[in-house]
1. Could you say which residue among 234, 208 is of a type in the set (Val, Ile, Thr) and under 30 Å from the mean Cα position of the chain (by Cα)?
2. Mind checking which residues of segment 232-256 are open to solvent by 10 Å² or more (accessible area, probe 1.4 Å) and without any contact (Cβ under 8 Å) to a residue 60 or more places away in the chain?
3. Which one of the conditions (1) open to solvent by 10 Å² or more (accessible area, probe 1.4 Å); (2) among the β-branched types (Val, Ile, Thr); (3) at pLDDT 95 or above does residue 66 fail to meet, given that it meets all the rest?
4. Scan (1) in contact with a Lys or Arg (Cβ under 9 Å, 6 or more places away or on another chain); (2) modelled with pLDDT under 95 for the single condition residue 222 breaks and write down its number.
5. Select, from 86, 157, the only residue that is among the polar types (S, T, N, Q), out of contact with any helix residue (DSSP H, G or I) (no Cβ under 6 Å at 6 or more places or on another chain), at pLDDT 95 or above and closer than 30 Å to residue 51 by Cα.
6. Tell me, please, whether a residue that is open to solvent by 50 Å² or more (accessible area, probe 1.4 Å), in contact with a Ser or Thr (Cβ under 6 Å, 6 or more places away or on another chain), closer than 21 Å to residue 60 by Cβ and part of a loop (DSSP other than H, G, I, E, B) can be found in segment 167-174.
7. Residues of segment 357-379 being of a type outside the set (A, V, I, L, M, F, W, C) and under 15 Å from residue 324 (Cα atoms), which ones?
8. Only residues that are touching a residue at least 24 places away in the same chain (Cβ under 8 Å) and of a type in the set (Asp, Glu): list them for segment 268-327, please.
Amino acid sequence: MKKSRKFLAVLLTVCICITAVILPASAYEPDFEVPADEGVFLMSLDTGQVLYEQNADKQMAPASMTKVMSTIVALENCQDLGEMVTAPSYIYDEFVGINVSTAGISPGEQLSVKDLLYCMMLQSANEAASIIADHFGGSIEGFAEMMNKKAAELGCTNTHFVNPHGLDADGHYTSPRDMATIAQYALGVNGFRDICTSTRYTLPQTNIREEQVVVTTILMQDEYRGGDLYNPYIKGIKTGTTDNAGRCFVSTYQRDGENLLLVVMNAPNTDDDDNQAFTQTQQFYDWAHNNFDLETLVEKGSVLHEVKIKQSFDTDVLILTAASDVTLLLPSGADKTAVQYVATLDDEEIVAPVKKGDKIGKMTLKLGGETIGEVDMLAEKDVKGATILKIADAIHGALSSTAAKIILVLVILFILVYILFVIRSINLQKKKGKIKRHKKYKL
């Protein structure tokens, strides 16, 4: 079965050859079947490394994962989560005659923005998404424009939204890579993480109904309803299912200091209740946890390099240190000594004065000739400049060119000719003086 697999291509291939103990190639390949049409994007939130990808840039229907972007736009445009919103009747027209997930919100019902966001993200309520869209965008179309603008700002190149909920529609798509970008951004939006990692939320009494509890569709993070699917390391984010999209799930995984993000799209829709997106998610996280380790290859403040520095009496060598840690996910058992460190300076020559902490260049970490990380190199200490050395260097520099050398030779020749002329003039004056004296004495 042909697959587009590019997970850490350099690391995985090279490390098989360079590890101190030969490791089986199967340790770097998922030991489970991944359907060819499925979209997958697995990355480390700690390092930004991509551990596995398949169909990562293919445009696919996102189903209710769409609501991640809807929540981003709502949160970033909301001044008060307690603001009350009345459900408009027109938004229900598109749901007539189809089976969609809802929170049972009625036309004219009043809920807060916060209530609607929890309904949308936990119970995947489609009417809640449309109510949010109408409130912040003025219409479904207006809100979709806001969503697309945000996607463009995030650098998504295979994403276009036409609705806020994710029901199948022409021109409504994203890709696994873009979905990972959107989800990663969402985790940094104030309030988003609290919503997507919740399993239950109590809706207060409204003008139409009594208090109600909404529950998450992410069984993998629900200790009470998840059964065998429950995984304490799963933290959000959003499920999605339609006939066109298949089973979808974007999630994060936090375990032993490691943080991963996984997007699964178009997993098979089976006849039973088995959610293949959940199954694949469990398999990918187990595989990543068992086969990769976080390794700190460079520590902040450690000495990385030394360079010559000019125009200072303090020292002629400048020590460069790491601006930050460099921590990477490497295959378990990989030989860290095989990593190459290549220094690149910002300027060809380092000239005093230099202040402690000045950026002098960067250190690139390579494995098998491919870049796997980099870190800025900073000056370890202050180095004072010397004016006299600057003048000397300026003179030396001025005389270093061929043209300057020719001019210097001409100047020297001119001086020599002038000296000879002066000497000859003096001799002539002396000779004339002798002649005058001789004539005087003769008379």
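1. Working: 208 fails: under 30 Å from the mean Cα position of the chain (by Cα).
Sole residue among the options that is of a type in the set (Val, Ile, Thr) and under 30 Å from the mean Cα position of the chain (by Cα): 234.
2. Of segment 232-256, the ones open to solvent by 10 Å² or more (accessible area, probe 1.4 Å) are 232-233, 235, 239, 241-244, 247, 254-256.
Listed by number, the residues that qualify are 232, 233, 235, 247, 254, 255, 256.
3. (1)
4. Of the numbered conditions (1) in contact with a Lys or Arg (Cβ under 9 Å, 6 or more places away or on another chain); (2) modelled with pLDDT under 95, the odd one out for residue 222 is (2).
5. On the way: 86 fails: closer than 30 Å to residue 51 by Cα.
Being among the polar types (S, T, N, Q), out of contact with any helix residue (DSSP H, G or I) (no Cβ under 6 Å at 6 or more places or on another chain), at pLDDT 95 or above and closer than 30 Å to residue 51 by Cα holds for just one of 86, 157, which is 157.
6. The initial filter retains those residues of segment 167-174 that are open to solvent by 50 Å² or more (accessible area, probe 1.4 Å), namely 168, 170, 173.
This time we only want the ones that are in contact with a Ser or Thr (Cβ under 6 Å, 6 or more places away or on another chain), so: 168.
Then drop every residue that is not closer than 21 Å to residue 60 by Cβ, which leaves 168.
Okay, now just the ones that are also part of a loop (DSSP other than H, G, I, E, B), so 168.
There is at least one residue in segment 167-174 that is open to solvent by 50 Å² or more (accessible area, probe 1.4 Å), in contact with a Ser or Thr (Cβ under 6 Å, 6 or more places away or on another chain), closer than 21 Å to residue 60 by Cβ and part of a loop (DSSP other than H, G, I, E, B).
7. Residues of segment 357-379 that are of a type outside the set (A, V, I, L, M, F, W, C), as a first pass: 357-359, 361-362, 364, 366, 368-371, 373-374, 376.
357, 358, 359, 361, 362, 364, 373, 374, 376, listed by residue number.
8. Let us first name the residues in segment 268-327 that are touching a residue at least 24 places away in the same chain (Cβ under 8 Å), namely 268-269, 275-278, 280-285, 287-300, 303-305, 307-315, 318-327.
Answer for segment 268-327, where residues must be touching a residue at least 24 places away in the same chain (Cβ under 8 Å) and of a type in the set (Asp, Glu): 293, 295, 299, 314, 325.
The values are calculated or read from the model by the stated rules, or taken from the named source; none is laboratory data. Keep in mind that this is a model prediction, so the values were computed, not measured. As a convention, Cβ positions derive from the backbone with ideal geometry for all residues, glycine included, and neighbour counts pool all protein chains shown. Heads up: the accessible areas ignore ligands, DNA and RNA and are worked out on the full protein's heavy atoms, side chains in. Shrake-Rupley method; radii C 1.70, N 1.55, O 1.52, S 1.80 Å.
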